[in-house]
1. At what distance in angstrom do the alpha carbon centres of the stretch 142-187 and the stretch 38-111 lie from each other?
2. Amide H neighbours of Arg48 under 5 Å, at least 5 residues apart or on other chains, H built in the peptide plane: list them.
3. Based on DSSP H assignment, which helices of the chain show an axial Cα extent of at least 18 Å together with a mean Kyte-Doolittle hydropathy greater than or equal to -1.0?
4. With the Cα gyration tensor of the stretch 154-226 in hand, convert its eigenvalues to equivalent ellipsoid semi-axes via √(5λ) and list them largest first in whole Å.
5. Subtract the Cα-Cα distance of Asp50 and Thr229 from 0.36 nm times their separation in residues, and report this length gain in nm to one decimal.
Amino acid sequence: MTRKRHGAIGIKQVIRHEWMEKTVHLLLAGLETKSIRQELHAYLATRRGDGDQGQRSERTRRFVVDILMRSWVSPEEDLAAFRSGSLAFLRQNPSRSLAVDWGIISAAYPFWFNVARQTGRLLALQKRVTQAQIIHRLKEQYGDRQTISRACQYVIRSYVAWGIIRDAEGKGCYEKAPPIPITDPGLTLLLFESALLASPSARSTLGELLNNPAFFPFDLPGVGSELVTQHSARIDLVYSGLNDTLLQLKA
């Protein structure tokens with residue numbers, strides 16, 4: 001069933017990776033939801049999206065806190081099991097936080113995932129991409145909404161802050177950073193699960209997942225259908241044929 005988040009935009013500010021990490025640390029520390037929200041407001045009071053220190057308005061701070069809370073602390077009901085699995089993985093593998101955070105925010109905000117998909121498609125064709133090219137492709141998907149351009153800018157600047165793309169010569173021009181190697185099959189399947197959750201159909205072939213341009217920040221290993229059945233309790237193997245394997249989220 002298509003959920004509201006799949007057609008929504010939702011990203012109204014730059015989201016830095018260290019802010020996602022801060023949220024997880026508060027969650028792992030056992031703080032209650034209200035306390036985490038308060039701590040994040042205090043933490044972000046003088047932290048800006050460009051990494052500089054400076055007072056920010058309550059309104060823009062609330063936008064950021066809401067995104068962090070909906071991603072990690074208070075996810076939608078159908079994301080709760082994925083959040084718990086991601087949290088369990090992070091407890092054992094804290095150094096893999098960027099990939100896990102990528103999966104979490106992609107599932108909670110499919111617009112983030114779709115910006116990555118369009119960015120990855122362009123980077124597969126050319127060395128550098130422009131913000132205008134990405135926005136043009138997104139408008140083909142979401143329609144020519146006024147919010148698309150601004151939200152896309154926030155997501156792209158978030159990617160720069162996360163270190164997965166770099167500013168290139170020329171305003172609004174970007175190039176790919178070296179991909180992050182992923183070797184753990186459990187982490188690979190978490191990323192696959194995030195892609196299924198970001199999709200209205202909640203299903204995809206294994207080949208499509210492995211080659212999904214939204215995963216351009218990562219170097220994913222080749223995986224077979226047996227790994228899915230061994231390492232994921234939340235993904236169903238619908239069928240496995242000679243040409244490909246179809247996966248879907250368990251009901």
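Only the coordinates and a few stated rules stand behind these numbers; no lab work does. Owing to the predicted nature of the structure, the values given are computational and were not obtained by experimental measurement.
1. For the stretch 142-187 versus the stretch 38-111, the Cα centre distance is 17 Å.
2. Gly54
3. Span-like helices here: 80-92, 110-125, 146-162, 185-198.
4. Taking √(5λ) for each eigenvalue gives 26, 14, 10 Å, largest first.
5. So the chain would gain 60.3 nm between Asp50 and Thr229.
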